[in-house]
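The values are calculated or read from the model by the stated rules, or taken from the named source; none is laboratory data. Since this is a predicted model, take the numbers as computed values, not measurements. FYI the Cβ positions are ideal-geometry reconstructions off the backbone, even for glycines, and counts take in every protein chain you see. Just the protein is used for accessible areas: all its heavy atoms, side chains included, with ligands, DNA and RNA removed. Shrake-Rupley method; radii C 1.70, N 1.55, O 1.52, S 1.80 Å.
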Amino acid sequence: MSMPQAARTDTGQRPVQATPFPFLLDPSSAALIVIDMQRDFVEAGGFGETLGNDITPCQAIVPIVRQLLKGFRAAKLTIIHTRECHQPDLSDCPPAKRNRGTPSLRIGDHGPLGRILIDGEPGAEIVPDLEPIAGEIVIAKPGKGAFYATDLQQILQQRAITQLVFAGVTTEVCVQTTMREANDRGFECLLAQDATASYFPHFKQSAITMMTAQGAIVGWAADTADILAAFHE
Ligand code: C5J
């Protein structure tokens, strides 16, 4: 059976080996978006662990996300970091979110990394190895999706960004939600599949399978090395 080929063939676009077919990366209109690589999701004592999760898959991707950042920094492309967090008075945290389930600590409670998922607290900061540098955009978001209640769409439009390369955690929650939001807004979405993680590895795989099925219905997935190789063609 013949596979569909890459989406476009204009000049300046570089094919990246991807699932379900090559992604034509156009560095002049692409940005990297690193979702929620913050201490609350990656480190012991944070929100992720208080929910009873195994944080090791999220820790394991830190060096790969770092490589991706290095490549995008070297190529001088737009880099956006997101942080899921709430105002100290919880005015942007729906009770339905805070009161759900039986975590050992709820959003806003005091934990080993400060108040859980609260802007300004240590747990809401990006992990030190992936710290944003001057010129990079950092978006605090109260939802799972990075477009909800943020300026992300305007920021991307101002920079004429039409392609987004995704990394971060967790694949099936904030990464997938943001990819779906972006896809509906007309962005072409490429997930760096080795630079994203879930607390549940089978959820990561399922999310990638769902999003890349039906001719990349939400987007594409590729390895970091293949994405970065496009910058050297
Ligand atoms: C979650 C996220 N999993 N960043 N947040 O609650 O995926």
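Is one or more of the residues making up the stretch 46-69 among the acidic types (Asp, Glu) and over 17 Å from residue 173 (Cβ atoms)? Give the steps one after another, and end with the answer.
Taking the stretch 46-69 as the starting set, the residues that turn out to be among the acidic types (Asp, Glu) are 49, 54.
Those still in the list that are over 17 Å from residue 173 (Cβ atoms) too: none.
Taking every residue of the stretch 46-69 in turn, none turns out to be among the acidic types (Asp, Glu) and over 17 Å from residue 173 (Cβ atoms).
The rows are residues; the columns are (1) closer than 22 Å to residue 12 by Cβ; (2) of a type in the set (Ser, Thr, Tyr); (3) more than 16 Å from the ligand (Cβ to nearest atom); (4) surrounded by fewer than 18 Cβ atoms within 10 Å (Cβ to Cβ).
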| site | (1), (2), (3), (4) |
| --- | --- |
| 150 | no, yes, no, yes |
| 157 | yes, no, yes, yes |
| 163 | yes, no, yes, no |
| 190 | yes, no, yes, no |
(request) Could you list, in sequence order, all residues of the stretch 36-95 that are within 26 Å of residue 154 (Cβ to Cβ), open to solvent by less than 20 Å² (accessible area, probe 1.4 Å), in a loop (DSSP other than H, G, I, E, B) and in contact with a helix residue (DSSP H, G or I) (Cβ under 7 Å, 6 or more places away or on another chain)? (result) 36, 37, 85
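Within the stretch 139-165, track down each residue that is touching a Ser or Thr at 6+ places or on another chain (Cβ under 9 Å) and within 23 Å of residue 26 (Cα to Cα).
Passing the criteria: 146, 147, 152, 155, 156, 159, 160, 161, 162, 163, 164.
Residues checked against (1) touching a Phe, Trp or Tyr at 6+ places or on another chain (Cβ under 8 Å); (2) under 21 Å from residue 61 (Cβ atoms):
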{"site": "118", "(1), (2)": "no, no"}
{"site": "127", "(1), (2)": "no, yes"}
{"site": "144", "(1), (2)": "no, yes"}
{"site": "164", "(1), (2)": "yes, yes"}
